[in-house]
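Reviewing the structure listed below.
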Ligand SMILES: Cc1ncc(C[n+]2csc(CCOP(=O)(O)OP(=O)(O)O)c2C)c(N)n1
Ligand code: SF4
């Protein structure tokens, strides 16, 4: 909900002449107060727009603003330069309040060439009338087709009603450094600091932190470029905003979702992470690899996902719960091992950073479509806990909780994150370490005589695990049906006893879960139900709808298996219920689709089957995070439906 | 029974385990005459002779007749899923160097479904002993061709004879970087099987023994020629390797002194068609072990975890104006 004051300045604003600038070098205009802005910085990959965006976000966050950043990632590792597919960069949403999602469309875009800009325009990511700052060197390019392409796109942008400002970025940087291509991201950062009235000292200290490992000369050069960008913008641009943010009161940290997951692994006291590289999960293990050995632990890159899962199972069996991190296709490969962990009752934490599927699908894109695979994956009846993270902070704490549940119930606990959270950054209160987070030391005391390895408690289904090294506890664990002594059993009664106890653990856990409060009123016309990364966008849409007087609320589910009690009751208080999910559902607008053949979104299907209620669904599988405006529109359509 | 005694004296060094202490309450359910029985006996004898505490011993397996072995041992056992015994064992070993880890696997289990893990387990070179029960056939699923089945074998999946030449687990193992111990044994010379197992156990690193194992049920008479004619077996001896008992030496006259560090000769022996090499083909004690390479220098403690977390939080920290931020280093 961008404030009106940030709406575009009239289209007929005079455009800057090459190499020079918009306004005269007069005194700076006073800053216009706005409540939020979405800024995109896009370049060819390797030109540093990512770092520029991250630094901007960090400076904003340190000034007290709410931020949410998302990486703009090209699909290929080395896309051709100046190509539409090659857009690489960062989207930063900065606000005077806490931000929980990517927001809708960008208010201001800085592009290093016109082709990467096109990709954002075509994707509908830029607000009508938004301001676009474009590197202008291409119009002087010796190669005529490049100069022509530049001119064409500029014409297209102007015709589209955007405010285009051409900026001589490299030409300006040339005055300070020999290789302007490398430094212009800092020049751009300086420009942004001017546009958004960010504190000079704070910005400098952030740049120093960013380059903390580099030598003094590099830091100085970057500071100089940043200062130059600021001065240039002060002198030449007529845009000047201020986002009034309350100062930070408590120490905070800014991380992306995958880093938060990795930090959570360390904080949970798990000591082994076995993985096989897969996007978008890999960066969590990269980060974990860089810190895990410092606490005496190991990230093992296995030969494949099957090995990663079984390796983790072996490590868990021998003492402390281990974790394996993966994404879609890797989850599929791990399914047999998950069944083994369920059957043998080995605690295991499995993190699935979902991406677009099926198969290799959309590896770098957003989707929440592994819910069914997580709950029902593996063969036979394989009960496991499934929880979803809904914010960056939640990534951190969920791992700690997951490890505890896994070891308390000797179960597999799956954490579903997704590509939207993996690279998105958000500040949250700096966690204060607690020794309670950690796993207890490995128990090596003697097992009491006559204790049985699967002495299932009648009420909870839980049995105390014997760990190798414990005298008297010798037994052979097996994935075959077994009795309380872990002896292979083929008779239906014993098999059933195991099945009952393994499933009973879920019911026992369920008794301890509390449903999150309804967002909005407890009753009304429409309830939106979501899970995972869409929380922020759904709640923002609900807020907007309520401000317009609609009786809409939302409910966000953290535990998908088991589900907390009371969901049916909440649903019963609303006239209509609809899930909002980032996975496939058949649109009713398709003439082929009717109530007999419609495929529902995954959570909708679960809710419908469990409570026999009419839960509708809305969602998209377009590879992008759901946006508040889209959700709002879907909710309005549902409200209007007869 | 000594087992009960060991419970009472639990923190003291035990020196009195008998064979019975390694036998579980479950009677082996292999077919009579199955070579797996001899392998189990050799394992139990080794545990007794080495006085391995049962609670510190873990037998890991995949799926197949061979993989039932852990059920028959009084030790910790993990009967896993088809082909995946090795990664499970690696997971155990990575945090628990104090445990004696044995892996039992079949030729289908190891060389077919688990082939990727097998190659990488050699490469990782973790300190464990692997027994490949190679009966040249799938037993548990009732006679299908395995990767080591001889060409022409008639089985349920190859009724007109197996089309391909068999895979040679010895040459394959020897061909992987970081290989550190490779031996071949046969179930029908139990003394030698035992000696080889013992050498493997004492080797620090990944020790791999291929054991030719008779399956009277589905491969009846398959190894008869080798069983009947001692000259078909070439026994490898060396001062640094196996030293033969006189009674074995008398029967198996076809012997070769082979220095197990000699890879070239090991490969030639492994590839031999006419005779069966039995003994230690390769033994290189200097290959680094993954479990040692990956052991963290500082053991995980709550204090250490707190310190490292705070270091990381500092890097991405936002402080209230009143609090100083960490300064960029030079
Ligand atoms: C994923 C999977 N595929 C197939 C099977 C069926 N299966 C069980 S044992 C086995 C073959 C075992 O043969 P081998 O490893 O040679 O051992 P043996 O029984 O001969 O000792 C197969 C195919 C299985 N359990 N799991
Ligand atoms: S089928 Fe063969 S391998 Fe299996 S138990 Fe019988 S004899 Fe042994």
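Remarks
- Relative to one another, the C-alpha centroids of the range A:153-215 and the range A:363-394 are positioned 40 Å apart.
- DSSP beta bridge pairing in the protein assembly as shown, given as percent antiparallel to the nearest 5: 30 percent
- Counting beta carbons within 10 Å around each of B:137, B:176, A:254 and listing the fewest first gives the order B:176, A:254, B:137.
- Highest average first, the peptides A:545-552, A:340-347 ordered by how many other beta carbon atoms sit within 10 Å of their residues are A:340-347, A:545-552.
- Three-way shape label, the range A:526-642, alpha-carbon gyration tensor, a/c 1.5: rounded
- Average beta-carbon neighbours from other chains, 10 Å sphere, peptide A:57-64: 2
- Within the listed set B:114, B:18, B:303, the residue fluctuating most in the Gaussian network model of chain B (springs between alpha-carbon atoms under 10 angstrom) is B:303.
- Cα shape, the range A:115-266, gyration tensor, a/c 1.5 rule: prolate
- Chain A, relative contact order [Cα under 8 Å, separation at least 6], %: 11 percent
- For the range B:166-218 versus the range B:100-163, the gap between their alpha-carbon centres in whole angstrom: 13 Å
- The order of the peptides A:67-77, A:361-371, A:594-604 by mean Cβ neighbours within 10 Å, most packed first, is A:361-371, A:67-77, A:594-604.
- Computed from Cα positions, the angle between helix A:305-317 and the longest principal axis of chain A comes to roughly 50 degrees.
- In chain B, the longest principal axis of the Cα atoms and the axis of helix B:190-202 are about 20 degrees apart.
- Cα gyration tensor shape of chain A, rounded if a/c is under 1.5, else prolate or oblate by comparing a/b with b/c: prolate
- For the range A:440-478 versus the range B:225-252, the inter-centroid distance based on Cα atoms is 45 Å.
- GNM top mover of B:210, B:96, B:228 - chain B, alpha-carbon springs below 10 Å: B:228
- Relative contact order (%) - the range B:210-330, alpha-carbon pairs under 8 angstrom, separation at least six: 20 percent
- Residue-averaged beta-carbon neighbours from other chains (10 angstrom radius) around A:538-547: 0
- Rounded to the nearest 10 degrees, the inclination of helix A:535-547 to the longest alpha-carbon principal axis of chain A is 70 degrees.
Every number here is computed from the coordinates shown, using simple stated rules; none is lab data. Quantities reported herein were computed from a predicted structural model and do not represent experimental measurements. Because the Cβ atoms are built from the backbone with ideal geometry, glycine has one as well, and the counts that use them run over all protein chains shown.
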